[in-house]
Amino acid sequence: MANVCLCKGISEETIVEAIKNGAVTFEEVSEKTGAGTGFCHGGRCKATIEKLIEEHKAQ
Ligand code: FES
């Protein structure tokens, strides 16, 4: 699967798993996975992570 966070090499699968485990904000996903903590500080991955949260969070 393609990496969502390019800086840290974090896959979509890892991010979706964090969301299924209860992360509902970019900050929470970042804390659990390390995504968004690279040199661009989420500049390239934040929007995708927020989209994945909308798609996968528990309703
Ligand atoms: S791509 Fe995620 S922090 Fe840079």
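The values are calculated or read from the model by the stated rules, or taken from the named source; none is laboratory data. Not measured: the values here are computed from a predicted model. With ideal geometry, Cβ positions are generated from the backbone for all residues, glycine too; neighbour counts draw on all protein chains shown. Side chains included, ligands, DNA and RNA excluded: accessible areas come from the protein's heavy atoms. Shrake-Rupley method; radii C 1.70, N 1.55, O 1.52, S 1.80 Å.
Find the accessible area per residue for the chain; the probe is 1.4 Å, ligands and nucleic acids are left out, and the unit is Å². Don't skip to the end; give the middle numbers.
Working: 3690 Å² over 59 residues.
That works out to 62 Å² for each residue.
Under the rule of -39500 (n - 2.57) per DSSP H run of 4 or more residues, summed and divided by the residues of the chain, what mean residue ellipticity at 222 nm is obtained, to the nearest 500 deg cm²/dmol?
Values: 3 runs with 28 residues, N = 59.
Roughly -13500 deg cm²/dmol at 222 nm, from the helical runs in the chain.
When the accessible area of the chain is computed with all protein chains present and a 1.4 Å probe, what percentage of it is carbon and sulfur?
Working: 1780 of 3690 Å².
Answer for the chain is 48 percent, counting heavy atoms of protein chains only.
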Viscosity 0.890 mPa s, 25 °C: Kirkwood-radius Stokes-Einstein D of the chain over Cα pairs, µm²/s: 227 µm²/s
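Calculate the FRET efficiency for residue 1 and residue 24 from the Cβ-Cβ distance with a Förster distance of 22 Å, rounded to the nearest 0.05.
Details: r = 21 Å, r/R0 = 0.98.
Approximately 0.55, to the nearest 0.05.
Dipole magnitude of the chain about its Cα centre, charges +1 at Lys/Arg Cβ and -1 at Asp/Glu Cβ only, in debye to the nearest 20? Working shown, then result.
Numbers: 7 positive and 9 negative charges, 28 e Å.
The calculation lands at about 140 debye.
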